[in-house]
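The structure appears right after this line, and notes come after that.
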Amino acid sequence: MTHSTYTQQAPSSFKLNQTLIADALRRDEQALAQAELNHHLATQAEAVAPTLDPLTARDRRIIGEIIEVEPESVRTIWIEGGITVWVQLVGGGRLPFERNWFATRVAEVKATLPETPRERNQRLEAELKQACTIFGLYHGKIDYLLFSTKVYRDGHFVGFIGWDEEGWYSNPRKYGLDRVAQTAVGAISHFWEFKQ
């Protein structure tokens, strides 16, 4: 059985090379327009809902020290497949690291860095909450700048407690002599010494 196919030839006026070049230019213009549109949409989205940077300055400092670059050159970090830690640099490069090695280095570097005020406040607040629980107390709003607050029991004011460079201090009155202790538990226990 024979099968015939009809093919049509291009007219003699058809110029193949000119058509291909014109088509390529049209595609380049379209790609350029699409890139401009994508950039415009990304700019608008950033203005409406700016993306939060997942890395703090401290995080960048730690990563920078590990990989021996300036902290400002670290753009972001992520874990791929639970095995590889990737560090994306501002200049566009990426560096892979084995997750366990990287975690060990982070712990080592963190141990050498001084505590930030936020970390200190979090640590002190956790210690204060634990001490209040032991004595059946609760504290009011904390002034984090001075790290001080009022302490209450059953809705009744017990005293003031805070922390400074000397350690924990407490006082059952606004004015008067503060008692200093090494721990929040020690400072709270002073409330009962004041009353005797």
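For region 56-122, please list each of the strands (runs of 3 or more DSSP E) lying entirely inside it that holds at least 1 residues being β-branched (V, I, T).
74-80, 84-89
Take the conditions open to solvent by less than 50 Å² (accessible area, probe 1.4 Å), of a type outside the set (A, V, I, L, M, F, W, C) and not in a strand (DSSP E or B) and apply them to E125. Does it pass? Criteria met by E125. Return yes or no: is A47 open to solvent by less than 90 Å² (accessible area, probe 1.4 Å), assigned to a helix (DSSP H, G or I) and at pLDDT below 65? So A47 passes the test.
For region 64-85, a residue qualifies if it is aliphatic (A, V, I, L, M) and open to solvent by 90 Å² or more (accessible area, probe 1.4 Å), and the qualifying residues are I79, I83. Set side by side, the residues A103, A131 differ, and just one is open to solvent by less than 90 Å² (accessible area, probe 1.4 Å) and under 30 Å from I66 (Cβ atoms), which is A103.
The values are calculated or read from the model by the stated rules, or taken from the named source; none is laboratory data. Note that the coordinates shown come from a computational prediction; the quantities given were computed from them, not determined experimentally. Positions of Cβ are generated from backbone atoms using ideal geometry, with glycine treated the same way; all protein chains shown enter the neighbour counts. Just the protein is used for accessible areas: all its heavy atoms, side chains included, with ligands, DNA and RNA removed. Shrake-Rupley method; radii C 1.70, N 1.55, O 1.52, S 1.80 Å.
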